[in-house]
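Engineer: One structure, as structure tokens, below. Some questions next.
The values are calculated or read from the model by the stated rules, or taken from the named source; none is laboratory data. Keep in mind that what you see is a predicted model, and the values were worked out from it rather than measured. Note that each Cβ is placed from the backbone with ideal geometry, even for glycine, and that neighbours are counted across all protein chains shown.
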Amino acid sequence: MSSARLRPLFVGLAIVLLVLAAVESVVLFGIIDSQDAVGVDLVYYQDVGRRWIETGVYYTDRQVSGPYQQQTLVDNLYPPHALYLFVPFVYLPAILWWVLPLGIIAWVVWWCRPAIWGWPILAAILLFPKTPNQIIFGNTDMWVAAAVAAAVRWGWPSTLVTFKPSLVFFSLIGIRSRAWWVAAVVLAIFSLPLMSLWLLYPIAMGNSTASAQFTYSLSNLPFFLLPVVAWIVSARRGSEGMGAWVARLLWGGEPSLKRDRVVGLGVQFAVEA
């Protein structure tokens, strides 16, 4: 059966899944709102940033003094450079905490120009319950997904995923581009003023008795993969083999865009950034 004949099926299935995702999100919002927990994660991150500004404390005494049972929204397990995300939102309008990352994700998915057959796959990811759940809570998962999306487009932003170490494998996106290494060096330089906190970080992590602290974020893996899937099903691929197309992620999406422009001029050669 030709792809043209399947087009209505793909579009219809995507619409159905999107409607289900919307209904699911409304139901989840109602449940979370009834618990006064909408944006509760953002409030916690703001508290962490404000406490550091006012007292210099990032990891509490109980975290660095001995073994402790990690408590959600009490104990901070983020590496020190997460402060560069938390501190600005002590002052910025809270709505930007959602608008910026979700806007980046949406724009990159649009830029990828997903083929029609890939629409149901992307819609199914939005239907995954953990995705709207974490968005409503205001979890940093949104920012990880945004960093992955920006990496699909430009490569170097994948270095920012390191504020959630369990997802560091996403930092491989763009690793073969020069910009990625420049960004890694810049991130390391910005981490130097936080060296005293970096010395406490392994202690705070080591003292935690929570067995799932390194794998917790993996439960929302589909959300993080959304921009990667958008790249894989991209109509930009043309006749290029799927393996080679996926491998392009090691450079980020920008080199592909440059190559498209060159080919459009009738000169077919690859440009590496």
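Engineer: Would you confirm, using the coordinates I've provided, whether Q63 is over 15 Å from the mean Cα position of the chain (by Cα), surrounded by fewer than 20 Cβ atoms within 10 Å (Cβ to Cβ) and at pLDDT below 95?
Structural biologist: no
Engineer: Has the range 36-49 got at least one residue that is more than 30 Å from W198 (Cα to Cα) and touching a residue at least 60 places away in the same chain (Cβ under 8 Å)?
Structural biologist: Yes - at least one qualifying residue is present in the range 36-49.
Engineer: If you go through the range 71-106 one residue at a time, how many are surrounded by 18 or more Cβ atoms within 10 Å (Cβ to Cβ) and over 17 Å from A146 (Cβ atoms)?
Structural biologist: Of the residues in the range 71-106, 6 are surrounded by 18 or more Cβ atoms within 10 Å (Cβ to Cβ) and over 17 Å from A146 (Cβ atoms).
Engineer: How do the helices (runs of 4 or more DSSP H) wholly within the range 130-219 filter down when requiring 3 or more residues that are more than 30 Å from G30 (Cβ to Cβ): which remain?
Structural biologist: Answer list for the range 130-219: 141-154, 178-191, 195-207.
Engineer: If we only count helices (runs of 4 or more DSSP H) wholly inside the range 221-273, which ones have 2 or more residues that are at pLDDT 65 or above and of a type in the set (A, V, I, L, M, F, W, C)?
Structural biologist: Once the helices (runs of 4 or more DSSP H) in the range 221-273 are filtered for at least 2 residues that are at pLDDT 65 or above and of a type in the set (A, V, I, L, M, F, W, C), what remains is 221-232, 242-247.
Engineer: Continuing with the same structure: For the subset of the range 33-54 comprising residues that are part of a helix (DSSP H, G or I) and at pLDDT below 95, which member is farthest from K130 (Cα to Cα)?
Structural biologist: S34
Engineer: Which of (1) crowded, with 20+ Cβ neighbours inside 10 Å; (2) modelled with pLDDT under 90 does A146 not meet, given it meets every other one?
Structural biologist: Of (1) crowded, with 20+ Cβ neighbours inside 10 Å; (2) modelled with pLDDT under 90, only one is false for A146: (2).
Engineer: Let me ask something else. Of all residues in the range 14-34, count the ones that are surrounded by 17 or more Cβ atoms within 10 Å (Cβ to Cβ) and either under 12 Å from W119 (Cα atoms) or without any contact (Cβ under 8 Å) to a residue 40 or more places away in the chain (or both).
Structural biologist: Residues meeting the conditions: 3.
Engineer: Would you please name the residue that is nearest to V27 (Cα to Cα), looking only at residues in the range 107-129 that are aromatic (F, W, Y) and assigned to a helix (DSSP H, G or I)?
Structural biologist: The residue in question is W119.
Engineer: Residues that are modelled with pLDDT of 90 or more and either hydroxyl-bearing (S, T, Y) or touching a His at 6+ places or on another chain (Cβ under 7 Å) (or both): does the range 200-214 have at least one?
Structural biologist: For the range 200-214, residues modelled with pLDDT of 90 or more and either hydroxyl-bearing (S, T, Y) or touching a His at 6+ places or on another chain (Cβ under 7 Å) (or both): present.
Engineer: Given (1) at pLDDT 95 or above; (2) out of contact with any Lys or Arg (no Cβ under 7 Å at 6 or more places or on another chain), identify the lone condition not met by V90.
Structural biologist: Every listed condition holds for V90 apart from (2).
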